[in-house]
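Colleague: Please see the structure below; I have some questions.
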Amino acid sequence: MRIETLGASHEIANNWTVVGGPCAAESKEQVLESAKSISKSRAQVLRAGIWKPRTSPNSWQGVGVEALEWMQEAKHQTGIAITTEVNSVDTVESTLRAEFDILWIGSRNSTYFPLLTEVGILTSDKQIPVILKRGMGSELDEWLGAADYIRKHNPNVILCERGIKGFNQCTRNTLDLQTAKLAQIESGLPVIVDISHAAGRRDLIVPMALAVKAAGFNGLMVEVHPEPDKARTDSKQQISLEDFRALMQKLEKIPFNL
Ligand code: PEP
Ligand code: MN
């Protein structure tokens, strides 16, 4: 499946879609190497954060606008669709100018209604799909209500479960596939699952990915980095390009819509 078939969220609903790529765009070489390998592994969408939401303002905040061109070049060189997290009108406008195929709203901003409305309005023209991550403390109705703010203007919303805050310290978040399944049933929207931010550790990626596909979700988001241990953000949860290729091969053994 290539860019032209990713024009609407109902197309994602009818296909198994994998969004893979680094937590953050760090250099042009890193983005291009990731794009080439990930598209060879048959992922449909390349992700990379350009403006990173960090707990501390003193932490690295991402490369910023410079990375827009790297992603655009990755798209032109490989044909892979591209996505990044947007957090303001400015970032939405610049990603749309840079031919991004899908935009995404991160967990921290996912109940900021003025942003959701603006994203809906700015993507309504071409009905560019918008991935809405679940707020890390959002209940089902809050997540679906947030989606409605975008859907009022653009129906092409893809929900993304990414784990919720729990008491357990052994994982970064708690993967809540039950609520994600209810979201899929009740909204009729495609639901993909970000297993990387749910787990926060790479040893859970393969089993959770297999569970997500077997449970009839519409796709995955996975963080993949050419040198995971050297990643500037989320290094513990990113997998290598080789491990991603092996994961994609394993996933092929599970039929979509089992
Ligand atoms: C991300 O995908 O890089 C990210 C920051 O995710 P979340 O908004 O789910 O924390
Ligand atoms: Mn990350």
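Colleague: Which FRET efficiency value, to the nearest 0.05, do you get for residue 77 and residue 14 by plugging their Cβ-Cβ distance into 1/(1 + (r/R0)^6) with R0 = 35 Å?
Modeller: Numbers: r = 27 Å, r/R0 = 0.78.
Approximately 0.80, to the nearest 0.05.
Colleague: Also, quick follow-up: If contacts are Cα pairs under 8 angstrom and at least 6 residues apart, what is the relative contact order of the chain in percent?
Modeller: So the answer I get is 19 percent.
Colleague: Still on this model: Based on the mean of other beta carbon atoms within 10 Å per residue, what is the order of 207-218, 75-86, 168-179, most packed first? Present the calculation step by step, with values, prior to reporting the outcome.
Modeller: Working: 207-218: 18.3, 75-86: 21.2, 168-179: 14.9.
Taking the mean over residues of other Cβ atoms within 10 Å, the ranking is 75-86, 207-218, 168-179.
Colleague: Nearest 0.05, what FRET efficiency do residue 256 and residue 56 give at R0 = 41 Å with Cβ-Cβ as r?
Modeller: Numbers: r = 40 Å, r/R0 = 0.98.
Given R0 = 41 Å and the Cβ-Cβ separation, E is 0.55.
Colleague: Turning to a different aspect of this structure: Which cross-chain or sequence-distant (5 or more) residues have an amide H under 5 Å from the amide H of residue 221, H modelled 1.01 Å from N in plane?
Modeller: Result for residue 221 returns 19, 193, 194, 195.
Colleague: Now for a different question. Subtract the Cα-Cα distance of residue 113 and residue 99 from 0.36 nm times their separation in residues, and report this length gain in nm to one decimal.
Modeller: Details: separation 14, 0.36 × 14 = 5.04 nm, distance 2.47 nm.
2.6 nm is the gain from fully extending residue 113 to residue 99.
Colleague: May I pose another question? If I stretch the segment between residue 242 and residue 215 completely, what's the gain in nm (0.36 nm per residue apart, minus their alpha carbon distance), one decimal?
Modeller: Values: separation 27, 0.36 × 27 = 9.72 nm, distance 2.51 nm.
Roughly 7.2 nm would be gained on extension.
Colleague: Aspartates and glutamates within cross-link reach of residue 230: Cα-Cα under 20 Å, excluding same-chain residues under 8 positions apart?
Modeller: Qualifying aspartates and glutamates at Cα under 20 Å: 26, 29, 33, 203, 242, 243.
Colleague: Which aspartates and glutamates have a Cα lying under 20 Å from the Cα of residue 126, excluding residues fewer than 8 positions away in the same chain?
Modeller: Leaving aside aspartates and glutamates fewer than 8 places away in the same chain, those within reach of residue 126 are 4, 11, 85, 90, 93, 99, 101, 118, 148.
Colleague: Have a look at the DSSP beta bridges in the chain and tell me what percent are antiparallel, nearest 5. Present the calculation step by step, with values, prior to reporting the outcome.
Modeller: On the way: 1 of 29 bridges.
Of the beta bridges lying entirely in the chain, close to 5 percent run antiparallel.
Colleague: Would you mind working out the magnitude of the charge dipole of the chain relative to its Cα centre, with +1 at each Lys and Arg C-beta and -1 at each Asp and Glu C-beta, to the nearest 20 Debye? Present the calculation step by step, with values, prior to reporting the outcome.
Modeller: On the way: 29 positive and 31 negative charges, 113 e Å.
I would put it at about 540 debye.
Colleague: Please list 3J(HN,Hα) in residue order for the stretch 103-110, calculated via the Karplus relation 6.51 cos²θ - 1.76 cosθ + 1.60 where θ = phi - 60°; whole Hz, with x for glycine and proline.
Modeller: 10, 9, 9, x, 4, 5, 9, 6
Colleague: Which loop-located chymotrypsin sites (Phe, Trp or Tyr not before Pro) does the stretch 108-193 contain, where loop means any DSSP state but H, G, I, E or B and the Cβ has at most 12 other Cβ atoms within 10 Å?
Modeller: Details: sites: 112, 143, 149, 167; in loops: 112, 167.
For chymotrypsin sites (Phe, Trp or Tyr not before Pro) across the stretch 108-193 that sit outside H, G, I, E and B with at most 12 neighbouring Cβ atoms in 10 Å, the list reads 167.
Colleague: Nearest 5 is fine: what % of DSSP beta bridges in the stretch 55-184 come out antiparallel, could you say? The partial results should precede the final answer.
Modeller: On the way: 1 of 11 bridges.
DSSP beta bridges in the stretch 55-184 are roughly 10 percent antiparallel.
Colleague: Turning to a different aspect of this structure: Going toward the positive end of the dipole of the stretch 91-186, with +1 on Lys and Arg Cβ and -1 on Asp and Glu Cβ, which of 180, 169, 137 do you reach last?
Modeller: Farthest along the dipole direction, towards plus: 169.
Colleague: Using modelled amide H (1.01 Å from N, peptide plane; none on Pro or chain starts), what sits under 5 Å from the amide H of residue 172, excluding residues fewer than 5 places away?
Modeller: The answer is 200, 201.
Colleague: For residue 29, put the label point 7 Å out on the Cα→Cβ axis and report which residues of the stretch 72-89 keep their amide N under 17 Å from it.
Modeller: Output list for this probe position: 74.
Colleague: Going down the list 165/236; 213/253; 36/75; 75/236; 75/253; 133/181, which pairs span over 20 Å between their C-alpha atoms? Provide the component values of the computation, followed by the final result.
Modeller: Working: 165/236 18 Å; 213/253 10 Å; 36/75 10 Å; 75/236 27 Å; 75/253 28 Å; 133/181 14 Å.
Pairs exceeding the cut-off: 75/236; 75/253.
Colleague: Further question on the same structure: Compute the semi-axes of the equivalent ellipsoid of the chain, taking the square root of 5 times each eigenvalue of the Cα gyration tensor, and list them largest first in whole Å.
Modeller: On the way: eigenvalues 100, 94, 73 Å².
Equivalent ellipsoid of the chain: 22, 22, 19 Å, largest first.
Taken together, the values in this text are just the output of simple stated rules run on the coordinates, not laboratory data. A quick note: this is a predicted structure, and the numbers were derived from the prediction, not measured. All Cβ positions, glycine included, derive from the backbone under ideal geometry; neighbour counts span all protein chains shown.
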